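See below for the structure under consideration.
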Amino acid sequence: MIRVLLLLLALAAPAAAQTPAAAPPQAPSGAISTGDDRATDLAILSRITGILAQVPEFDGIRVRVDAGIVTLSGEVAEQQTIARVEGLLARVEGVVAIEDQLTLSTDLGTRLVSVRDRFQSRLTQVVAGLPFMALGLAVGALIVLAGGWLSRRERTLANIAPNPFIAGFLAQTIRLTAWIVALVVALDLMGARALLGTLLGAAGIFGLSLSFAARDTIEGFVATMLLSLRQPFNPNDLIEVNGLRGRVIRLTSRGTTLLTLDGNHIRIPNQIIYKAVLTNYTRNPERRFMVDLTVDPGADLGRARDLVLRTLAGMDFVLKRPEPVAWLDADGPEHVVIRAGGWVSQDGTDFDLARGEAFRLLRHALDAKGFGIPEPIHRLRLEQPESAVATRSAPQRPADRRLTELGPDAAFEEMVERGRVDDGRDLLSPATPR
């Protein structure tokens, strides 16, 4: 056993002797070599002196090296020169530290020479870049002109977007895009990429700030665009929004203008129009009116109801289909209410006038048959003109005259048409889908 161990040790010893020694550490990449295996102060000083002699800006700098520490003294014209020389000497191999004892020159002539050299250098760069500047300006101008020409193609934009608001928005977008593309291309051809990045960053910050500051304006703009794309009403439609009722005059980028039935103009912001509950009384030509008729609860309520239905069916302005309706509704122990409704066509018939005329005729028919208003309540007597008295013997009245009397108010319709005079800002279009 001992002999086997001795044999293994004898075999391992030559293998360990043949293992190569570790390589010495390499110098950091990018270091400036002094050309010697061992960096001495004299070699470092010689190397630094040779480097400084190649740059005219370093002529006033004196160097001293002691134990790898480099001491700089003298005067320089600019602060940038100090930072430049320190960064350069820090790369020399063997330099342990740099002691900065440099001062800025107070000689006016020296400073002026530095300024003159810097100005001449920049002027040379500008002169050399003039052809590229001219090329960038020319290309940018062509892009702007092309964008302006395209944005003025009103017929083409109208085919793309029939709504005038969307067409105008497309024209503005084309112009703005042309200016941005022209600016980017021009600055890139001029070589001002740093300025381009600064402008784009500033534009992003400005746009973000503007979006917060003009939130209501942006909301109104989006609402106007949506209302223009899918119009919930037409010109002259009777609508009601948040308790405000009137005829639609126009839709603009700021709001929707209504003409109330009293002749007043109301402008409602589009964001309110878009978010509110909107009732359009004109969209469906057929509209039903409802009237309440009070009768004595002791009367024959079935006959009273049938009388109301026959009277409604006999009115010239009430449509046959859908059929009129009537039902009983208790309104306290002293009287009963007959709720009656009939459909009228709003094409040629004023709804409010038709409802009022229907109430008058129904009340007169009930009173004539003895279905009066129960006591004790105040009785409202409606005096009838001679023509109405004459009709008691002839229930069928001339249809043409009655329909003419119940037609829309011509004076009010004329007011709506005057308000609808196109001033170039109305965004309502019959061609837009609804």
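Any read-out appearing in this document is the output of simple, stated calculations on the displayed coordinates, not a laboratory observation. Keep in mind the model is a prediction, meaning the values are calculated, not measured.
Points to keep in mind about this one:
- Percent of beta bridges antiparallel (DSSP, region 41-106, rounded to nearest 5): 45 percent
- Ellipsoid semi-axes in whole angstrom, largest first, where each is sqrt(5λ) of the Cα gyration tensor of region 174-313: 60, 14, 12
- Cα convex hull of region 41-106, projected area averaged across orientations, nm²: 3.8 nm²
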